[in-house]
Amino acid sequence: MTIKDIARLSGCGVATVSRVLNDHPDVSDETRRRVMAVVEEQGFQPNNNAKHLKQQASTSVAIIVKGTQNMLFADLVERLQSLLRDAGQDAAVYYLDEDANEVAYALQLCRERKPLGILFLGGDRELFQAAFQGIAIPCVLLTNTAADLHFNNLSSITTDDREASRQAVHFLTGRGHRHIGMLGGNWSCFQIGYSRFLGCQEACQELGLPFDGERQCEPCRYSLEDGYAAARRLLERCPDLTAIFAVSDVTALGAMRAMRDLGKRVPEDISVMGYDGVAIGQYSLPRLTTVRQDTQQLAERGVDALLRGITRNSPPVHELVPFHLVEGESVAQLQ
């Protein structure tokens, strides 16, 4: 009996079974019960010697990815692994649910796997503020800022989300749109989505546009399915919208499908703009207009900051990488 057999009998993935057996927190209670029922029924005994050896290893960098459907993170992970490999470092990637506690998970990793350092892709700064002091190794937060958290082992590399969103709204109004909805993200002041919300709010105030956050904005998780459902809710509440600014491309793509199913053409009847600049947006129909984040610079600067922390105990850095607007075909010019 192997872990693959447990996965097959429980209907779960091998990685999920591994997380259950290692008592990781990012597994639902129902999934944990299903796996452990098979374990008990089959009398499965994990190889504790191998597990102990693995836990004692301290030769790899951990990459903790918050969210399993964020296409930007998929691109970043590939770039990070390549850069670390070129630097002679192994990397272990751990995927968490969007609502998981990444700091608690990192603390557990430090106890069990003893990584050399950690790269966090996405993160809730409130969780860092509450518990990061328990982590002693060099870490880097990518796509959110840790500048005001003042930890001496936590760097951050991110895009100026507030300014990018502000420019996105200016772009839409430059195309004649004055009734703009915002889609996706979490409006907690510690989340990435909140900075983008503030950028939209600021732009509307500058331009004298109406901005009712509760009416014009619809938060949701970063996925096609949730973007689709949230877009339908937003349009039902605000049928007068001429444009939707989604705070991620994956959400924007879900919204475009929702518009189609509602009998609306993009961009003839309603325009849609995204954020991230993932490759698939340039192959959608129509091509997605978006804010492109520079994933190459995010990855390069993140790895550089982490390795300097590991090898030279360098102090943390907090940097912004550039962004630019990519004009596709999903935003119409209103007359």
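The values are calculated or read from the model by the stated rules, or taken from the named source; none is laboratory data. Everything numeric here is computed off the predicted structure, so don't read it as measured data. A quick note on method: Cβ atoms are made from the backbone with ideal geometry, for glycine too, and the neighbour counts reach across all protein chains shown. The protein model used for the area step is the full one, side chains on, heavy atoms only, and it has no ligands, DNA or RNA in it. Shrake-Rupley method; radii C 1.70, N 1.55, O 1.52, S 1.80 Å.
Under 5 Å from the amide H of residue 220 lie the amide H atoms of 184, 185, each residue being 5 or more positions distant or on a separate chain, with H modelled from the backbone and absent for Pro and chain starts. With contributions of -39500 (n - 2.57) from each DSSP H run of at least four residues, the per-residue ellipticity at 222 nm computed over the chain stands at -14000 deg cm²/dmol. Normalised Debye scattering of the stretch 113-213 at q = 0.18, 0.25 Å⁻¹ gives log10 I(q)/I(0) of -0.83, -1.27, counting only Cα atoms as equal scatterers and leaving out solvent. Computed over the stretch 165-324, the convex hull of the alpha-carbon atoms projects to a mean area of 10.1 nm².
Seen through its C-alpha gyration tensor, with square-root eigenvalues sorted a ≥ b ≥ c, the stretch 91-138 comes out oblate because a/c lies at 1.5 or above while a/b is not bigger than b/c. To the nearest 10, the accessible area of residue 19 is 60 Å² with a 1.4 Å probe.
Tell me, rounded to the nearest percent, the portion of alpha carbon pairs in the stretch 204-292 spaced more than 23 Å apart. Considering the stretch 204-292, 17 percent of its Cα-Cα pairs are separated by more than 23 Å. The residue among 140, 198, 309 whose Cα reaches farthest toward the positive pole of the charge dipole of the chain, with charges on the beta-carbon of Lys, Arg, Asp and Glu, is 309.
Dipole of the chain computed with +1 at Lys/Arg Cβ and -1 at Asp/Glu Cβ about the Cα centre; of 298, 109, 119, farthest Cα towards the positive end is 109. Computing Cα extents along the principal axes in Å directly from the structure and comparing it against [x] 78, 36, 32; [y] 61, 44, 31; [z] 71, 49, 34 singles out [z]. Residue 179 contributes an accessible area of around 80 Å² to the protein surface, as traced by a 1.4 Å probe with all chains present. What the phi angles of the stretch 254-267 give under the Karplus curve with 6.51, -1.76 and 1.60, with θ = phi - 60°, is a coupling list of x, 5, 5, 5, 4, 4, 4, 5, 8, x, 10, 8, 10, x Hz, glycine and proline written as x.
Each part gets one Cα centre, and for the stretch 134-161 versus the stretch 169-189 those centres are 28 Å apart. By how many degrees, 0 to 90 and rounded to 10, does the Cα axis of helix 224-237 deviate from the longest principal axis of the chain? Around 30 degrees separate the two axes. Using R0 = 41 Å, the C-beta based FRET efficiency linking residue 40 and residue 225 works out to 0.75. Element breakdown for the chain at a 1.4 angstrom probe: carbon and sulfur atoms account for 48% of the accessible area.
Rounded to 0.05, the FRET efficiency of the residue 178 and residue 85 pair, given R0 = 51 Å and the Cβ-Cβ distance, is 0.55.
Remark: the Cα gyration tensor places the stretch 236-335 in the prolate category, a/c being 1.5 or greater and a/b exceeding b/c.
Applying 0.36 nm per residue to the separation of residue 202 and residue 2 and subtracting their alpha-carbon distance, the gain on full extension is 66.4 nm. Only protein heavy atoms count here; on that basis, with a 1.4 Å probe, residue 151 has an accessible area of about 40 Å².
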